[in-house]
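The values are calculated or read from the model by the stated rules, or taken from the named source; none is laboratory data. From a predicted model like this one, the values you see are computed outputs, not experimental measurements. Every residue, glycine as well, gets a Cβ built from its backbone with ideal geometry; the counts of neighbours run over all protein chains shown.
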Protein chains: 2
Amino acid sequence: MDAKRNGSAKRHPIQVVARRTGLTADVLRAWEKRYGVVEPSRSDGGRRLYSDEDVERLRLLHRASEAGRRIGRIAGLSTEALRDLVREDERQEARAPGPGGPAPGAGPHLAAAWRAMDAFDARTLESVLLRATLSLGAPAFVEEVAAPLLRRVGDGWARGEVHPGNEHLASAVLRQVLASLVTSCAPAGGAPTLVVATPSGQGHEFGALFAAAVGAADGWRVVYLGADLPGDEIARTADRTGAAAVVLSLVHPEADPATAAALAELGETLDEDTALLAGGAAAPSYGPALGAAGAELVDDLQALRVRLDRVAAARPA
Amino acid sequence: MDAKRNGSAKRHPIQVVARRTGLTADVLRAWEKRYGVVEPSRSDGGRRLYSDEDVERLRLLHRASEAGRRIGRIAGLSTEALRDLVREDERQEARAPGPGGPAPGAGPHLAAAWRAMDAFDARTLESVLLRATLSLGAPAFVEEVAAPLLRRVGDGWARGEVHPGNEHLASAVLRQVLASLVTSCAPAGGAPTLVVATPSGQGHEFGALFAAAVGAADGWRVVYLGADLPGDEIARTADRTGAAAVVLSLVHPEADPATAAALAELGETLDEDTALLAGGAAAPSYGPALGAAGAELVDDLQALRVRLDRVAAARPA
DNA sequence: CCCTTGTTGTCCACCGTTTGTCCATGTATG
DNA sequence: CATACATGGACAAACGGTGGACAACAAGGG
């Protein structure tokens, strides 16, 4: 255990620290000046540079302050003591009745869906999923209900706990709900177009459906092509629809030659103005092919939304 | 626009790189000159030709810079280090606003709705609102879009900035969207029933609609009665539907005798097992009448949800 | 209970540095 | 010739640092 790290100790500018801690840059400076809460080093032009430890400490201070502690009283505490304090405070708060209750709560929806699936009750499952979309919104539904449900189905199936029948039922209903999400979203006039597909060799469709649902909720006109499409077909569709972006989902076969070929083809035929984004568990295994095609890797749906937002903002009208 | 991606010759002109990275050609040159961020090879005539690796590196630099890093400080990092840095920044940042919360952002929806209202475009307004519900979920939609929209309409109308026609348009469309939210929520079997209404003398309907939408999204079977109902009528409906809770919205006339009478009547005729909740701007002015009727005051929709949740949890099945 | 006092988040003005953008000019490309 | 690009320089906007003011609020004293 070394108290100090070598030159690789990360030093963050104030803006990054502000975003990571949720504090304002103003507050960061005020706390430092008034209570000496941290002592960031300075660089060249006298700008603050915070270490990871500083960020951790500031985060704790923020949480403690939000729990009602006065910053002047806790500023002198050691980081260890702070950690204990925050833990204690949050335990108390969880126990309290909590008028400021959080309560977004995807848990009940997931549990209900799970029960309906076990009971082989397609109608109830569909109604549960529909209510979940209404309650949480499409993006949260996808991330907090659809994806976990699918994962649990997969795990259960691998372990023999879920019968193929149940698995098919859940898949079919989920697919239908996601598709209805995509189509029921009336596209606003002048909305940019997004083409979603899975290239040849990639049979798993759900990643693409997730992306399509999220894109539709964020205001895109979504053209959903489904799974296992040759590259030039995707490119042609993008061309004809004037798509601003193409999203590919790569999940199951890693480093598959057919998929790589489709990617190459897509890269050659796709218009250069069209942004090309790729995600999914298998996406990293196609790194070089994606790079050559001019595609950008997105780690998860959240990152996809950010990227799409930027693409939409970049186009004039 | 006919230019296609050239996968075989791996060198891209500056304009293509600009599009793919989201950076300006000017910025590309500036970064190269000032910080030596990449070293593209040159064509015979001296034009820059970037490789795929250059594009990748520039993308990472762009993302890091958008995360709050100063370009001058990260320009010297290796591409590997950059990748780590970007990944960490984006992960940490997503955590900042809330525990797992992806920072939805109702602003754009509100702005779009405002524009559609100004333009007198009912169709667009409806589509905007529907997309907002899909994107945010019903509860967040009500609190972050519907309520602010209504408030701004009211303010603008009072100040003469909004014409009565626009105001009516917005009200009608919003009412319709909220009503469709309530009805389109398929009630699960065994879901508890919630009766929502406005007692006699209370003409403002939107508070009740908000409550109905939120209740429906949270899994209640909602019976929406609308505005201006005598107390015994509300009680009778609750009785016949076996309602577990009744929600009243009191907004406009404060301390109105007719309303007070309706509340007294309701208190006398309503089953004791049925929870009675009341909210709205005018609710405090009916404090004594509500107390006598056995009603509980809820300050806002969030409090209403918490309270309803408790009622639902209290009943066996 | 009210009133005074200390605390704390926010905002402002002023200044130097960093950084994005723009312009003028010249040159290659088609 | 029109377009796209390179180069160098200029410039403005954004950002960060400092010091200080201010309003909202909580705490403590009478």
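Among the criteria (1) under 25 Å from A:S184 (Cβ atoms); (2) at pLDDT 95 or above, the one A:L250 does not fulfil is (1). Against the test of being assigned to a helix (DSSP H, G or I) and touching a Lys or Arg at 6+ places or on another chain (Cβ under 6 Å), the options A:V55, A:V27, A:V17 yield a single qualifying residue, A:V55. Being acidic (D, E) and outside any helix (DSSP H, G or I) is a property that holds for B:D271.
Of the residues making up region A:56-72, just one is within 14 Å of chain B (Cβ to nearest Cβ), within 16 Å of DNA strand D (Cβ to nearest atom) and surrounded by 18 or more Cβ atoms within 10 Å (Cβ to Cβ), namely A:L58.
For every residue, the table says whether it meets (1) buried (at least 24 other Cβ atoms within 10 Å of the Cβ); (2) outside any loop (DSSP other than H, G, I, E, B); (3) within 14 Å of chain B (Cβ to nearest Cβ).
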site: A:V247; (1), (2), (3): yes, yes, no
site: A:L263; (1), (2), (3): yes, yes, yes
site: A:L266; (1), (2), (3): yes, yes, yes
site: A:A281; (1), (2), (3): no, no, no
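Of the listed requirements (1) under 21 Å from A:P187 (Cβ atoms); (2) touching a Leu at 6+ places or on another chain (Cβ under 7 Å), A:G231 misses just one: (1). The set of residues in region A:30-52 being loosely packed, with under 13 Cβ neighbours inside 10 Å and either assigned to a helix (DSSP H, G or I) or away from DNA strand D (no atom under 14 Å from the Cβ) (or both) consists of A:K33, A:R34.
Checking every residue in region A:122-129 against the condition of being more than 12 Å from every other protein chain (Cβ to nearest Cβ) and either in a helix (DSSP H, G or I) or over 18 Å from A:G280 (Cα atoms) (or both) gives at least one match.
Taking region B:1-46 as the range and being within 12 Å of DNA strand C (Cβ to nearest atom), at pLDDT 90 or above and among the hydrophobic types (A, V, I, L, M, F, W, C) as the test, the residues that pass are B:A18, B:L23, B:A25, B:V27, B:L28, B:A30, B:W31, B:V37.
Is it the case that A:G294 is at the interface with chain B (Cβ under 8 Å from one of its Cβ atoms) and either under 17 Å from A:G231 (Cα atoms) or surrounded by 22 or more Cβ atoms within 10 Å (Cβ to Cβ) (or both)?
Yes; evaluated as a whole, the condition is true for this residue.
Considering each residue of region A:189-206 in turn, at least one proves to be surrounded by fewer than 19 Cβ atoms within 10 Å (Cβ to Cβ), over 24 Å from A:G279 (Cα atoms) and within 11 Å of another protein chain (Cβ to nearest Cβ). Being more than 10 Å from chain A (Cβ to nearest Cβ) and β-branched (V, I, T) is the filter here, so list the residues in region B:299-317 that pass it. Residue satisfying the conditions is B:V311 alone.
Residues in region B:157-167: is at least one under 19 Å from the mean Cα position of the chain (by Cα) and either assigned to a helix (DSSP H, G or I) or crowded, with 21+ Cβ neighbours inside 10 Å (or both)? Checking region B:157-167: not a single residue is under 19 Å from the mean Cα position of the chain (by Cα) and either assigned to a helix (DSSP H, G or I) or crowded, with 21+ Cβ neighbours inside 10 Å (or both).
Of the residues making up region A:249-261, those that are part of a helix (DSSP H, G or I) and either free of Cβ contacts under 8 Å to residues at least 60 places away in the same chain or within 19 Å of A:A211 (Cβ to Cβ) (or both) are A:P257, A:A258, A:T259, A:A260.
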